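J.: If you scroll down you'll find the structure; I have some questions about it.
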Amino acid sequence: MTHSARKPLVAGNWKMHKTVAESVALAHAVAEARVGPRTEVVLAPVFTALGPVAAALRGTNFGVAGQDCHWEPQGAYTGAIAPEMLRDVGCTHCIVGHSERRQYFGETDAGVHRKIVALGRVKLVPIACLGETLAERESGATFSVLSRQLDGMFGSLDAEGADALAANLVVAYEPVWAIGTGRTAKSSDAQLAHAFLRDRLRDRLGDVAERIRILYGGSVKADNAAELMAQPDIDGVLVGGASLDAAGFSRIIQAAGSS
Ligand code: 13P
């Protein structure tokens, strides 16, 4: 399968920003964007705004994502939200393993694995994040770190489990040093990492790897999105700061339409 056979996906991770009313207003503004016929767009507001944003987007093709979930369907897990509950309020996707969850909340690859499986059970699309820190990059450990993270996150998925998930699996490469720093990875470096990830996914899961979309994230802006998405293994972008501005995010969506 070629790059062009995978539908580009543009996801906006709003992180811990915006009230419900502000989120709904932003969703309405983004929904005005001209979206290429093959481009998918997903918005990830805070938990309290998920239901209202999903309602505001009803009738559009835009998806809505949680920013995290638990792996159990219910139980005594104060503060947590189950995949079923995300689906209940209209979510279609869920981000898991974001580096901020890893850094501030103790997220592990093993936990991400359980979340991916739990999301697959209720047919929500996992957007599974990974990426190296600056220290790891500078010590030449980027590829071994990515390998270790992939093994932990997808380790015990067998080919059959992967097949059930894969049409519906999204991986997001987000080098930690590029997140919120204005320091985007060079498109050629990002492509190297993406090609490496696809090779490793192919080793582990077989041909299904060709269908898995791999997004780039880390200081994506309207003026660098097109070049990133033109790379053969970059199938879309996961955007933080620049997704909070409807006009800029709309330009990123348009860049995907031309990739
Ligand atoms: P920025 O686009 O703000 O660098 O954030 C990237 C990110 O973490 C998206 O999940």
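The values are calculated or read from the model by the stated rules, or taken from the named source; none is laboratory data. Note that the coordinates shown come from a computational prediction; the quantities given were computed from them, not determined experimentally. Glycine also receives a Cβ, built like all others from the backbone with ideal geometry; neighbour counts cover every protein chain displayed. The area values use the complete protein model at the heavy-atom level, side chains included, leaving out ligands, DNA and RNA. Shrake-Rupley method; radii C 1.70, N 1.55, O 1.52, S 1.80 Å.
J.: Working only within segment 8-37, note down all residues that are surrounded by 14 or more Cβ atoms within 10 Å (Cβ to Cβ), at pLDDT below 95 and not small (Gly, Ala, Ser).
T.: The answer is Val35, and nothing else.
J.: For segment 65-108, what are the residues that are assigned to a helix (DSSP H, G or I) and either within 16 Å of the ligand (Cβ to nearest atom) or over 14 Å from Leu50 (Cβ atoms) (or both)? If you could, list the steps in order and put the result at the bottom.
T.: Taking segment 65-108 first, the residues assigned to a helix (DSSP H, G or I) are 83-88, 99-105.
Selection gives Ser99, Glu100, Arg101, Arg102, Gln103, Tyr104, Phe105.
J.: On to the next question. May I ask you to list pairs of residues, at least six apart or on different chains, whose Cβ atoms are under 7 Å apart, with the first in segment 174-202 being in contact (Cβ under 8 Å) with a residue 60 or more places away in the chain and away from the ligand (no atom under 13 Å from the Cβ) and the second being open to solvent by 40 Å² or more (accessible area, probe 1.4 Å) and of a type in the set (Lys, Arg)?
T.: none
J.: If you don't mind, there's one more thing I want to ask. Restricting to segment 143-170, and then to whatever is open to solvent by less than 10 Å² (accessible area, probe 1.4 Å) and more than 17 Å from the chain's Cα centre (by Cα), can you tell me which residue is modelled with the lowest pLDDT?
T.: Among those residues, the one meeting the criterion is Ala162.
J.: So Ile212 clears everything in (1) more than 16 Å from the ligand (Cβ to nearest atom); (2) closer than 19 Å to Glu100 by Cβ except one condition, right? Which one?
T.: Answer for Ile212: the failing condition is (2).
J.: Out of the residues in segment 222-259 that are among the hydrophobic types (A, V, I, L, M, F, W, C) and in a loop (DSSP other than H, G, I, E, B), which is nearest to the ligand (Cβ to nearest atom)?
T.: At the first step, the residues of segment 222-259 found to be among the hydrophobic types (A, V, I, L, M, F, W, C) are 222, 225-226, 228-230, 234, 237-239, 242, 244, 246-247, 249, 252-253, 255-256.
Pick out the ones that are also in a loop (DSSP other than H, G, I, E, B) and you get 222, 230, 234.
Details: Ala222: 12, Ala230: 19, Ile234: 14 Å.
Taking the candidates together, the pick is Ala222.
J.: While we're here: Can you name every residue in segment 178-209 that is under 19 Å from the mean Cα position of the chain (by Cα), under 18 Å from Gly97 (Cβ atoms) and surrounded by fewer than 20 Cβ atoms within 10 Å (Cβ to Cβ)?
T.: If the condition is that a residue be under 19 Å from the mean Cα position of the chain (by Cα), under 18 Å from Gly97 (Cβ atoms) and surrounded by fewer than 20 Cβ atoms within 10 Å (Cβ to Cβ), then Gly180, Phe196, Arg198, Arg200 are the ones that fit.
J.: Report, by residue number, each residue of segment 173-221 that is out of contact with any helix residue (DSSP H, G or I) (no Cβ under 6 Å at 6 or more places or on another chain) and assigned to a strand (DSSP E or B).
T.: Answer for segment 173-221, where residues must be out of contact with any helix residue (DSSP H, G or I) (no Cβ under 6 Å at 6 or more places or on another chain) and assigned to a strand (DSSP E or B): Arg213, Leu215, Gly217.
J.: If Pro232 meets every condition in (1) surrounded by 24 or more Cβ atoms within 10 Å (Cβ to Cβ); (2) touching a residue at least 60 places away in the same chain (Cβ under 8 Å); (3) closer than 17 Å to Leu192 by Cβ apart from one, which number is that one?
T.: (1)
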